[in-house]
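Scroll down for the structure; my scribbles are underneath it.
The values are calculated or read from the model by the stated rules, or taken from the named source; none is laboratory data. These numbers come from a predicted model, not from an experiment. Positions of Cβ are generated from backbone atoms using ideal geometry, with glycine treated the same way; all protein chains shown enter the neighbour counts. Side chains included, ligands, DNA and RNA excluded: accessible areas come from the protein's heavy atoms. Shrake-Rupley method; radii C 1.70, N 1.55, O 1.52, S 1.80 Å.
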Amino acid sequence: GGGPRRGVAADAPADAGGVGGAGEEAPEEGGHAAGRHLRPLPSFPTPREVRHSSCVSREYDLEAMPQVAIIIPYLNETWEQISQTLASMIAHTPLELVDQILFIDDGNANEWQHHDQLTAMHPKVQVHRNEERQGLIRSKVIGAGLVSSPVVMFMEPHCIVVQDWIQPLLERLAGSRSKRNLIVMPTLDIIPEEDFTDYRVANHHIGGFDWSLNFNWMDLIEKRNRSYHYPDPYQTPALSGGIFAMWRDYWERMGTFDVNMTEWGGEHIEMSLRIWRCGGSIEVVPCSRMGHVFRKRNPYVVHQQQVIKNLKRAALVWLEEEYLAKFFEQVPAARSIDAGDVSERQRLKEGLHCQSMSWYVDNVYQSFATSSRAGGDL
């Protein structure tokens with residue numbers, strides 16, 4: 001999941017612009033065949049060119065970019081979608097920049113594991129298995145703990161990436177090399193849940209949330225910042241979900257995720273508050289695009305009590321009293337749920353010398369008060 005479905009741009013294509021990728025060969029290290037037998041990649045949908053012309057014509061200096069490990073947790077994902085996600089990544093990524101593509105099998109039953117098929121698609125693909133389900137949140141922490149690349153990119157297994165999708169993200173991170181206090185996200189276009197071959201262009205929204213700490217796509221960046229010039233990177237108050245890249249040492253220094261959050265949900269809001277209020281920033285980089293299936297429901301059991309517990313953990317750490325009261329007004333079920341001990345996360349917050357929620361509202365998310373009154377659905 002990457003938050004609810006959002007508005008489709010007026011120029012959204014009626015179809016995916018044809019299906020391609022069939023018979024493309026998996027490149028070797030550095031994109032060269034090196035004389036080894038290459039298996040054809042599975043065919044995957046290829047959308048029409050959706051990037052801005054300045055993105056298409058841009059030359060990237062790969063030598064100046066940091067190496068990246070791509071981490072993809074999966075549970076009960078169809079082979080069709082997981083294989084086409086990977087095929088599009090292999091075909092559209094300069095693999096000399098990629099140390100590994102690490103899938104985290106989160107306790108899948110045999111028929112959903114796909115280990116041999118995944119690793120057969122490219123030598124840089126590896127699978128780590130959690131024998132018991134750990135949930136999406138812990139799976140990302142486990143995955144990031146298994147890699148040594150300077151940059152970690154968290155991905156999801158129901159996406160189609162477009163050409164040159166990763167270079168704009170890595171270029172932006174390379175520009176923050178001195179401070180390393182930046183998270184970057186691609187623009188997430190829309191693949192309808194009912195048709196993985198369709199691809200609809202999304203508008204340039206900022207991400208936000210309401211008092212219940214539920215994510216919503218908010219204003220267009222052009223409305224929020226009159227001087228904004230597309231397709232420049234732009235700041236967003238909140239991560240939309242699980243697709244983003246950051247320096248691995250920054251990920252660790254900032255406290256990864258709260259591993260006492262369970263299953264799924266709430267971690268991206270907690271991280272958004274933590275990054276912004278503790279000296280960092282979050283950007284959308286529109287030259288980086290991919291289609292993503294925004295699902296109405298997950299293909300695995302998510303216990304609502306666990307989601308509320310996660311949100312309450314975030315609220316207890318990051319919302320001061322006046323804001324915490326509003327959270328409980330919006331999520332009354334949270335009052336009686338045991339959120340567990342949050343003292344470790346509170347110590348992390350103190351150690352990072354973080355700003356208050358009032359600072360965040362005044363400096364990062366000025367429309368929060370208004371959007372919250374409106375229920376967050378602008």
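The phi torsions of segment 254-260, fed into the Karplus equation with coefficients 6.51, -1.76 and 1.60 and a -60° offset, translate into couplings of 8, x, 6, 10, 6, 6, 8 Hz, rounded to whole numbers, with Gly and Pro shown as x. Stretching Asp362 away from His229 to a fully extended chain increases their span by 45.5 nm, per 0.36 nm per residue minus the current alpha-carbon distance. In this structure, the amide hydrogen of Val125, modeled 1.01 Å from its nitrogen in the peptide plane, lies closer than 5 angstrom to those of Ile101, counting only residues at least 5 positions away or on a different chain.
Cross-link check: pairs Lys140/Lys312; Lys326/Lys349; Lys179/Lys326; Lys140/Lys349; Lys223/Lys309 evaluated at a Cα-Cα cut-off of 32 Å; pairs beyond the cut-off: Lys179/Lys326; Lys223/Lys309. Rounded to the nearest whole Hz, the Karplus-based 3J(HN,Hα) values (6.51 cos²θ - 1.76 cosθ + 1.60, θ = phi - 60°) of segment 318-333 follow the sequence 10, 10, 5, 3, 5, 6, 4, 4, 5, 4, 5, 4, 7, 10, x, 5, with x at glycine and proline.
Centre-to-centre separation between the Cα atoms of segment 128-176 and those of segment 80-115: 11 Å. The figure for Glu132 is an accessible area of roughly 140 square angstrom, using a 1.4 Å probe on the protein chains alone. Here segment 33-122 was treated as a single set of alpha-carbon atoms; its pair distances binned every 10 Å from 0 give 13, 39, 35, 13, 1 percent.
Solvent-accessible area per residue for segment 130-221 at a 1.4 Å probe radius, Å²?
Normalised by residue count, the accessible surface of segment 130-221 is 29 Å².
Applying D = kT/(6 pi eta Rh) to segment 111-243, where Rh is the Kirkwood radius over alpha-carbon pairs, T corresponds to 10 °C and eta to 1.306 mPa s, the Stokes-Einstein value obtained is 89 µm²/s.
Along segment 164-178 the Karplus relation, 6.51 cos²θ - 1.76 cosθ + 1.60 evaluated at θ = phi - 60°, assigns HN-Hα couplings of 6, 6, 8, 4, x, 5, 5, 4, 5, 5, 4, x, 9, 4, 6 Hz to successive residues, with x for each Gly and Pro. Using the average count of surrounding beta-carbon atoms within 10 Å as a protection proxy, the listed peptides 240-253, 347-360 rank, highest first, as 240-253, 347-360.
For Gly107, the residues whose modelled amide H falls within less than 5 Å of its own, excluding neighbours fewer than 5 places apart on the same chain, are Asn130.
If you plug the beta carbon distance of Glu59 and Ala333 into 1/(1 + (r/R0)^6) with R0 = 30 Å, you get a FRET efficiency near 0.05.
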